[in-house]
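This report refers to the structure that appears directly beneath it.
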Amino acid sequence: MQTVTSARLFAQARNLIPGGVNSPVRACRAVGCDPLFVRKAQGCLITDVDGNTFIDLVGSWGPLILGHAHPEVVEAVRRTAELGTSFGAPSPLEVELAELVCAAVPSVDMVRFVNSGTEATMSAIRLARAHTGRDIVIKFDGCYHGHADSFLVKAGSGLITLGIPGSPGVPEDIVKNTLSIPYNDVDVFKKTLDERDGEIACVIVEPVAGNMGVVLPEPGFLETLRAETSARGIVLIFDEVITGFRLAYGGAQERFGILPDLTTLGKIIGGGLPVAAYGGKKELMLKVAPEGPVYQAGTLSGNPLAMAAGIAMLKALQRPGLYEELETKSAWLAGELDRIAQASGLPLTLNRIGSLMTCFFTRERVRDYTSAMTADTDLYARHFRNMLAAGIWLAPSQFEAFFLSLAHEQEHLQKILDAVEHSFRNLMQSIK
Ligand code: KE4
């Protein structure tokens, strides 16, 4: 595979941008290769600047559930751009997307749009702290809620990938207000609430963890979070930046039937443009400025292009049978992957829910950060390189999800399986 143009661009980029990338995990450091620079993408295919085309299983880390350059999204952005790209004043598009989000997400009556998941989660915990008058935030090991100071404690995604559990530059005074405890451990959760009773503002959780690889909530986990936080006046925040409109049109909270007090959203609601949001009951949201005193703002919040893309995306997701079609594809692929994995003799565990899945290179059942960390990241890196050589674009980290889209057709799924089978055979030979 010829990658000279990517190599030239990467050398140039590294002189201008830290690591040559605008988000660390894209640097492919954990999988032992240099990043490929992308020229275009269409459907489930992504093409780099050297003309190499791949089947994409990253989907821009989640937004592209309908595939790249979906015609209705592209047309909406094109049409809107001709009327102006940003007004710095409210537009009808913001009202339309807010109506769609509030109609879709069971616990959300009011919503504020921001530009990134990080902004959404940092605003949600600020609102929770203001509402309760308390400071402590509980998160879960391996979950990632963006890069705001309060969240860089045993966080997932790029932090696990790069092996940096926290980050310099985050004052101890901030970190001491964040307690990170094991995912799926209701005993530790209840014990922590008892120990810090009266001090806890909120619990923020990925209802399905996607940032230590995919880890599902065990029966009773989310129910316990809901019951205990309700009993103690603690704000429960579902970070649905990944799961929102992915696991169901109403997100994980619709799928599991558990309603948080606040929800953060991102990725899919922007259709690939920078849109995120936080929302919940009016009692809470009416405390946000200018209605209330909790300050949060953003120059490009509610940007018309991004709103137009989100509206087109959510309207397209309302097609009857769409989520059932995605589930059928995902279940078939996962079943075949499992069959191949079992036959390979490799240490492999597949976690899947809906179109979110991760193949962990471990024999352990992966139920939390500790068990996820038993995965063999060297094997994953070699698998990543095998798959790239075979024309399949995986997440450049063992601790990320891979995302199936409606644009993946049977021919693409079969090509993925053929490449996986070949890679697993190659890995097995190398470890004998
Ligand atoms: P952003 O600030 O990256 O838009 O969103 C932060 C965020 C918040 N909550 C959850 C559950 C998330 O998964 C994310 C961001 N996800 C990662 C991928 N796992 C973004 C990829 C990247 O950092 O480049």
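The values are calculated or read from the model by the stated rules, or taken from the named source; none is laboratory data. Everything quoted here is computed from the prediction, not taken from an experiment. Note: ideal-geometry Cβ built from the backbone for every residue, glycine included; neighbour counts use all protein chains shown. For accessibility, only protein heavy atoms count, side chains too; no ligands or nucleic acids. Shrake-Rupley method; radii C 1.70, N 1.55, O 1.52, S 1.80 Å.
Scanning the range 251-261 turns up no residue that is closer than 19 Å to Ala155 by Cα, open to solvent by 50 Å² or more (accessible area, probe 1.4 Å) and of a type in the set (A, V, I, L, M, F, W, C).
Against the definition (within 30 Å of Pro274 (Cβ to Cβ), in contact with a strand residue (DSSP E or B) (Cβ under 7 Å, 6 or more places away or on another chain) and touching a residue at least 24 places away in the same chain (Cβ under 8 Å)), how does Ala316 come out, yes or no? Working first, answer last.
Working: within 30 Å of Pro274 (Cβ to Cβ): yes; in contact with a strand residue (DSSP E or B) (Cβ under 7 Å, 6 or more places away or on another chain): no; touching a residue at least 24 places away in the same chain (Cβ under 8 Å): yes.
For Ala316, the condition - within 30 Å of Pro274 (Cβ to Cβ), in contact with a strand residue (DSSP E or B) (Cβ under 7 Å, 6 or more places away or on another chain) and touching a residue at least 24 places away in the same chain (Cβ under 8 Å) - is not met.
Could you list all residues from the range 417-432 that are out of contact with any Leu (no Cβ under 8 Å at 6 or more places or on another chain) and open to solvent by less than 20 Å² (accessible area, probe 1.4 Å)? Hits for the range 417-432 are Ala419, Ser423.
Do we find that Phe238 is under 26 Å from Gly133 (Cβ atoms) and within 14 Å of the ligand (Cβ to nearest atom) in this structure? Spell out how you get there, then give the answer.
Details: under 26 Å from Gly133 (Cβ atoms): yes; within 14 Å of the ligand (Cβ to nearest atom): yes.
So Phe238 passes the test.
Might you check whether a residue that is on the phi > 0 side of the Ramachandran plot and surrounded by fewer than 19 Cβ atoms within 10 Å (Cβ to Cβ) occurs anywhere in the range 393-416? For the range 393-416, residues on the phi > 0 side of the Ramachandran plot and surrounded by fewer than 19 Cβ atoms within 10 Å (Cβ to Cβ): absent. Of the helices (runs of 4 or more DSSP H) lying entirely inside the range 171-282, the ones with 1 or more residues being farther than 27 Å from Glu400 by Cβ and out of contact with any Phe, Trp or Tyr (no Cβ under 8 Å at 6 or more places or on another chain) are found at 172-175, 186-195, 221-232.
On the given criteria, is Ala389 outside the structural domain of Gly158 (by TED's automatic domain parsing) and open to solvent by 10 Å² or more (accessible area, probe 1.4 Å)? It is true that Ala389 is outside the structural domain of Gly158 (by TED's automatic domain parsing) and open to solvent by 10 Å² or more (accessible area, probe 1.4 Å).
Regarding the range 291-305, can at least one residue be identified that is surrounded by 14 or more Cβ atoms within 10 Å (Cβ to Cβ) and assigned to a strand (DSSP E or B)? Yes, some residue in the range 291-305 is surrounded by 14 or more Cβ atoms within 10 Å (Cβ to Cβ) and assigned to a strand (DSSP E or B). Among the residues of the range 56-79, those that are under 19 Å from Ala276 (Cα atoms) and within 16 Å of the ligand (Cβ to nearest atom) comprise Val58, Gly59, Ser60, Trp61, Gly62, Pro63, Leu64, Ile65.
Does the range 326-359 hold any residues that are under 20 Å from Gln253 (Cα atoms), open to solvent by 40 Å² or more (accessible area, probe 1.4 Å) and in contact (Cβ under 8 Å) with a residue 40 or more places away in the chain, and which are they? Arg352, the sole residue that qualifies.
Within 16 Å of the ligand (Cβ to nearest atom) and β-branched (Val, Ile, Thr) - does that describe any residue in the range 10-17? Please lay out each step first, then the result.
To start, the set of residues in the range 10-17 that are within 16 Å of the ligand (Cβ to nearest atom) comprises 13, 17.
From the residues that got through so far, the ones that are β-branched (Val, Ile, Thr) too are 17.
For the range 10-17, residues within 16 Å of the ligand (Cβ to nearest atom) and β-branched (Val, Ile, Thr): present.
Pairs are defined by a Cβ separation below 9 Å, a sequence spacing of at least 6 or placement on different chains, a first member in the range 200-221 that is outside the structural domain of Pro182 (by TED's automatic domain parsing), and a second member that is not aromatic (Phe, Trp, Tyr); no pair meets this definition.
Is it the case that some residue within the range 175-195 is within 16 Å of the ligand (Cβ to nearest atom), open to solvent by 10 Å² or more (accessible area, probe 1.4 Å) and touching a residue at least 60 places away in the same chain (Cβ under 8 Å)? No: the range 175-195 contains no residue that is within 16 Å of the ligand (Cβ to nearest atom), open to solvent by 10 Å² or more (accessible area, probe 1.4 Å) and touching a residue at least 60 places away in the same chain (Cβ under 8 Å). Please work out if Phe403 is modelled with pLDDT of 95 or more, within 17 Å of Ala334 (Cβ to Cβ) and aromatic (Phe, Trp, Tyr). The answer is yes for Phe403. Screening Ile164 against (1) open to solvent by 40 Å² or more (accessible area, probe 1.4 Å); (2) within 16 Å of the ligand (Cβ to nearest atom); (3) among the aliphatic types (A, V, I, L, M); (4) out of contact with any helix residue (DSSP H, G or I) (no Cβ under 9 Å at 6 or more places or on another chain) leaves a single unmet condition, (4). Scanning the range 28-44 for residues that are without any contact (Cβ under 8 Å) to a residue 24 or more places away in the chain and among the hydrophobic types (A, V, I, L, M, F, W, C) gives a single hit, Val38. I'd like to know if the range 122-131 contains one or more residues that are within 16 Å of the ligand (Cβ to nearest atom), without any contact (Cβ under 8 Å) to a residue 60 or more places away in the chain and within 15 Å of Ile237 (Cα to Cα). Looking for residues that are within 16 Å of the ligand (Cβ to nearest atom), without any contact (Cβ under 8 Å) to a residue 60 or more places away in the chain and within 15 Å of Ile237 (Cα to Cα), one finds at least one in the range 122-131, hence yes.
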